[in-house]
1. Do you know which residues across the range 435-475 are crowded, with 21+ Cβ neighbours inside 10 Å and either in a loop (DSSP other than H, G, I, E, B) or out of contact with any strand residue (DSSP E or B) (no Cβ under 8 Å at 6 or more places or on another chain) (or both)?
2. Here is a check on your reading of the model: is A345 in contact with a Pro (Cβ under 7 Å, 6 or more places away or on another chain), touching a residue at least 24 places away in the same chain (Cβ under 8 Å) and either surrounded by fewer than 18 Cβ atoms within 10 Å (Cβ to Cβ) or of a type in the set (A, V, I, L, M) (or both)?
3. Which one of these is touching a helix residue (DSSP H, G or I) at 6+ places or on another chain (Cβ under 7 Å) and modelled with pLDDT under 95: A251, A268, A303, A299?
4. Just to verify a result, which residue in the range 400-426, among those that are over 22 Å from L67 (Cβ atoms) and among the hydrophobic types (A, V, I, L, M, F, W, C), is surrounded by the most Cβ atoms within 10 Å (Cβ to Cβ)?
5. Being touching a strand residue (DSSP E or B) at 6+ places or on another chain (Cβ under 6 Å) and part of a loop (DSSP other than H, G, I, E, B) is the requirement here; does V140 meet it?
6. For A303, which of the numbered conditions (1) of a type in the set (A, V, I, L, M); (2) assigned to a strand (DSSP E or B); (3) not assigned by TED's automatic domain parsing to the domain that holds Q387 fails to hold?
7. For the range 125-142, what are the residues that are within 16 Å of the chain's Cα centre (by Cα) and surrounded by fewer than 18 Cβ atoms within 10 Å (Cβ to Cβ)?
Amino acid sequence: MAAYDTGTADRDTTGDRPDGGTGAGIDRGPDKDTEEAADGAARRHDAVRAAVEQGLVGPDTPLVGLLDIAGIRASAAALRAAFDAVTAPGTPVLHAFAVKATPLVPVLRLLHQEDIGMEVASPGELALARAAGVPPARTVLDSPAKTPAELREALGLGIAVNADNPQELARLDGLVRSATPLSPLGLRVNPQVGGGSIGALSTATATSKFGVALRDEGAREWVVRAYLDRPWLTRLHTHSGSQGMPLELMARGVAEAYGLAEEVNERAGRRQIDTLDIGGGLPVNFGSDAHTPAYGEYARLLAATVPGLFDGRYGLVTEFGRSLLAKHGIVLARVEYAKSAGGRAIAVTHAGVQVAARTVYAPRSWPLRVAAYDAEGRPKAGPDVVQDVAGPACFAGDLLAEGRSMPPLDQGDYAAALDTGAYYFAHHYGYNSLARPAVHGFGPDGAGGVHFAVVRTAQTLDEIVAESGGAHAESLTGAF
């Protein structure tokens, strides 16, 4: 971003670089982690067994995704309750789900039913939110690369927009002109407080591509002036990171944005900024069934760090994604072959890089728990064996787990990749033209069993051919 010519910010430009974590040392207070984890595991065991019994997965359908509907509803309720507990009565609060985490229309519809709005970052995500019936007033558009057409569409619908940079704000100037916009409009700022343990997901570093970098020379004064010159600019947005980000550092980023909003309003002589969008980014525990850190923990930390955030003077928007869905997804894969190499047992399954690209390419940052089930879908017991759980792709590194100690997986058994409800159904990777698996939601059938509902059908071979240019097979040979 170019330097700003409106003065020099009086901010420290160094920042901290903590190594990540999930807020250790914070008083979590009473929680129901053990009960919640046990209930989730029991529902998972029932669903895996029922998926095998009902033929959702088997020799002819060796890969399927499963979503725990009760778990999703419980997470949505926990989010609402956590912020209700610290927010002044009557405060406008919109919890907007980050659609990129699980871009599946039935999931978005379910969350809408649970009073969760949508945060979208592309025309495709906006189309999904609209298909799910989410109204514009409960939709927020964020993206660092919005086109003029995207901005016009959002303004025409009345969707909230957070501009990312001065050039985008200039585009909004041209679109808004003298008319009062229907859309709530804001500006994203980067508080530059530092990064977490996963650099690619740390959005508040000194050189992050997102937002206006507040500690850059002249940037803070430019932001204040941008608001004073635009009475229609009424929101302020920040988002400090995601997985691997310590809660304390996330709270510091919010505190920086709050302080900026207070400064703008003081200099404007009125409450121009009326809503703070604090983003999402709550990390997820991928090491056990426990739902930690909890929304209540984060909300209490925010209330202690930035008490004015919740006193009713500001509306509030959040943009959580992974923390709402991750713990409620299962990628269930049949073991096609069990073999060994160099004394290491290897279970060759149908779940690999096509559904878990982050885990395969960056296993230290994105390790997954893998649970072993027998051919009838029942949990397998020990003794544990050190083994690899491999995927079907044609390269040696296609491993869901390497050197993992767990009950032995035999041919016809099932490997369940846990905590995969967020991003693992979004980031399909077309390596080897492997098909996207079907996804089913599950819940009680009312008679002591498990009912499944189709969320997404499996991709067909004809669809693979079609998206690979099948309709244009002669275009290169017949035109030249």
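1. Result: P437, single match.
2. Working: in contact with a Pro (Cβ under 7 Å, 6 or more places away or on another chain): yes; touching a residue at least 24 places away in the same chain (Cβ under 8 Å): yes; either surrounded by fewer than 18 Cβ atoms within 10 Å (Cβ to Cβ) or of a type in the set (A, V, I, L, M) (or both): yes.
Judged against the criteria, A345 is a match.
3. On the way: A268 fails: modelled with pLDDT under 95; A303 fails: modelled with pLDDT under 95; A299 fails: modelled with pLDDT under 95.
That would be A251, the only listed residue that is touching a helix residue (DSSP H, G or I) at 6+ places or on another chain (Cβ under 7 Å) and modelled with pLDDT under 95.
4. L409
5. It is false that V140 is touching a strand residue (DSSP E or B) at 6+ places or on another chain (Cβ under 6 Å) and part of a loop (DSSP other than H, G, I, E, B).
6. Every condition holds for A303 apart from (2).
7. Narrowing the range 125-142 to residues within 16 Å of the chain's Cα centre (by Cα): 125-126, 128-129, 139-142.
Selection gives nothing.
Results for (1) touching a helix residue (DSSP H, G or I) at 6+ places or on another chain (Cβ under 7 Å); (2) crowded, with 18+ Cβ neighbours inside 10 Å; (3) among the aromatic types (F, W, Y), shown as yes or no for each residue.
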residue	(1), (2), (3)
R44	no, yes, no
V48	no, yes, no
V52	no, yes, no
V64	yes, yes, no
L67	yes, yes, no
A70	yes, no, no
D84	no, no, no
K100	yes, yes, no
L104	no, yes, no
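The values are calculated or read from the model by the stated rules, or taken from the named source; none is laboratory data. Predicted model only: the values in this text are computed from it and were never measured. We place every Cβ from the backbone using ideal geometry, glycine too, and count neighbours over all the protein chains shown.
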